[in-house]
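Notes follow once the structure below has been shown.
The values are calculated or read from the model by the stated rules, or taken from the named source; none is laboratory data. This structure is a prediction, so every number in the text was calculated from the model and none was measured. Note that we place each Cβ from the backbone using ideal geometry, even for glycine, and neighbour counts take in every protein chain shown.
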Amino acid sequence: MKQSHRMMLMVLRKGEEGIHKRHSTVELDASYSHKIATIMRDVDPEYWGDITSQRIVEGMNQGMNWLGTKIGEELVSIGSTRLTEWAGLVGVVATNEKHRNKGYATSVVSELVKRILKEISLAMIFVLADNQPAIQAYTKVGFKTYKTYFFMRGIRR
């Protein structure tokens with residue numbers, strides 16, 4: 001086994017959202033794929049250490065949408081979403097360490113939720129159950145705990 005975590009699934013239904021956008025967001029296209037991958041690897045090298053810009057672009061080509069916040073030209077926080085037939089999934093949310101606790105991730109998640117709820121009435125997000133800063137940001141936007149579970153990631157032999 002490579003990793004194991006206690007995870008939490010949080011859900012938000014249309015009408016329960018609390019949009020908090022203190023910072024503007026920008027759409028991120030393939031030209032940002034290297035910066036997205038770099039932020040992901042820096043934020044969690046254990047989980048995202050092998051992410052590449054090519055995988056980011058492949059995800060974009062398969063319907064994953066990315067938003068971010070910038071300070072000047074520096075991308076400091078990112079988030080992704082993918083719509084399914086029955087829910088919008090907020091996938092990746094990551095903020096450079098030196099820019100945390102300033103509302104950047106909350107702004108990104110708020111905009112992602114706003115866009116999801118224009119299309120479908122349910123948004124979901126998965127989070128490590130011990131990641132209190134993330135849980136606090138997601139709760140602020142309106143997400144509620146649905147269930148917790150144990151997640152294992154291993155190496156195939």
Worksheet item: For V76, which of the numbered conditions (1) exposed (fewer than 15 other Cβ atoms within 10 Å of the Cβ); (2) within 15 Å of the chain's Cα centre (by Cα); (3) not in a helix (DSSP H, G or I) fails to hold?
Response: (1)
Discussion item. On the basis of being in contact with a strand residue (DSSP E or B) (Cβ under 8 Å, 6 or more places away or on another chain) and either farther than 20 Å from T95 by Cβ or modelled with pLDDT under 95 (or both), does Y32 make the cut?
Written reply: no
Response to the item:
Condition set in contact (Cβ under 8 Å) with a residue 60 or more places away in the chain and among the acidic types (D, E), scope region 12-67, selection surrounded by the most Cβ atoms within 10 Å (Cβ to Cβ): answer is E17
Worksheet item: When region 104-132 is examined, which residues are found to be modelled with pLDDT of 95 or more, small (G, A, S) and either over 19 Å from I56 (Cβ atoms) or in a strand (DSSP E or B) (or both)?
Response: S107, S110, S121, A123
